[in-house]
Amino acid sequence: MFFITEDFWPLNTSLWVKNFYGNDPKYLFYLLSKIDYKKFSDKTGVPGINRNDLHTLNINVPPLPEQRKIAQILSTWDKAISTTKSLIANSQQQKKSLMQQLLTGKKRFAGFEVDWEVVKLNKIANIKRGAGSQYITYVDNPNDGIRLIRISDFLGDSSKYIEKTQDISRFILQKGDLLIAGTGATAGIIFEVPDKLEGLTFSYNAPRIRIKKDVCKIFIYYYLKSENILKQQKALFTGNAQPFLDTKAIGGFKIKSPTLIEQQKIASVLTTADQEIDTLQQKLAYLKQEKKALMQQLLTGKRRVMV
């Protein structure tokens, strides 16, 4: 749903409104955006909306002054949402710039002058593939098994549970572990294992990276998400129809590493940047939820406004 104030050419597959019959256009925009269009799009094999179906809808419309007041209120929330989105985009860009400078040594903190050492990831971390199909028997009842963590779980897929066996005990996650997508469109993406997943098992296509104690795990986490590693990954993917990273390739990632103290300093700065982004994203989610609740009240007449 879009509210467009300048001239445009609508596609022949789009529905658009030109005549508002004396009503406030912005109010009608909010009113139309509240409609559940999915219930009108399942009548044929090809999803779509027939305007004749929409014409049959009965809606309550307040007087024009109240329409304008409601539109004004909701526009204020939209402006706050838009501003917050811009702040998030700016913060993400600033973090990206920080990563490029701090993780390459182009920008150093005062008091740090020791040259960085280039090491392979397998020298500072233990890399292990997860449980393959030969170890897995799925169970329907979660109480009868242990949760299998796959990359898809980090992307919103449903959870899977497998039988607990002696073999499976070799594939248990610990606090501080990292997982990397080993294949498919997400190959190379790094995920930090949250505390709630500690003690669970991980799948074959989600290799585990366990950082050694004398290395800052958070620093390595950010480094593995940086352009430095992405360039190395692209070289490995060249010519492959299906992107795939085996443990040898992952272990061969070259890490430009400073001293532990400098690692911790860099990790602290980038963590703070992430926390600021998280705070803004939480604010954005709050604004969207509040606007949704307000629309439910104002556009149904459950809550009236003073004109």
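Among the listed pairs 18/96; 164/256; 96/254, those with a Cα-Cα distance over 31 Å are 18/96; 164/256.
Is region 47-95 best put as rounded, prolate or oblate by its Cα gyration tensor, with a ≥ b ≥ c the root eigenvalues, rounded for a/c under 1.5, and otherwise prolate when a/b is larger than b/c, oblate when not? Oblate shape, in that a/c is at least 1.5 and b/c is the bigger or equal ratio. The angle between the Cα long axis of helix 64-102 and the main principal axis of the chain comes to about 20°, on a 0 to 90 degree scale.
Label zone (residue 296, point 7 Å along Cα-to-C-beta; backbone nitrogen cut-off 18 Å) within region 11-38: 30-38. Simple point charges give the picture: +1 on the Cβ of Lys and Arg, -1 on the Cβ of Asp and Glu, and for region 53-113 a dipole about the Cα centre of about 480 debye. Comparing 229, 176, 194 along the charge dipole axis of region 117-257, the residue lying farthest to the positive side is 229, per the Cβ-charge model. Over region 117-257, the ratio between the Cα radius of gyration and 2.2 N^0.38 Å evaluates to 1.05.
Taking a ≥ b ≥ c as the square roots of the eigenvalues of the Cα gyration tensor, an a/c ratio of 1.5 or more together with a/b no larger than b/c marks region 170-248 as oblate.
For the pair residue 8 and residue 288, a Förster radius of 22 Å applied to the C-beta separation gives a FRET efficiency near 0.25, rounded to the nearest 0.05.
Taking the alpha-carbon distance from residue 107 and a cut-off under 14 Å, which aspartates and glutamates remain once sequence neighbours fewer than 8 residues away in the same chain are dropped? Counting by Cα, and skipping residues close in sequence, residue 107 has these aspartates and glutamates nearby: 115, 262. Quick one: which of 128/196; 175/288; 95/123; 85/225 span more than 25 angstrom between C-alpha atoms? Those over the limit are 175/288; 95/123.
Restricting everything to alpha-carbon atoms, can you work out Rg to Rh for the chain with a Kirkwood hydrodynamic radius? Rounded to two decimals, Rg/Rh equals 1.09.
None of the figures in this text is laboratory data; all of them are computed from the coordinates on show. Not measured: the values here are computed from a predicted model. No Cβ is skipped: glycine too gets one built from the backbone with ideal geometry, and neighbour counts run over all protein chains shown.
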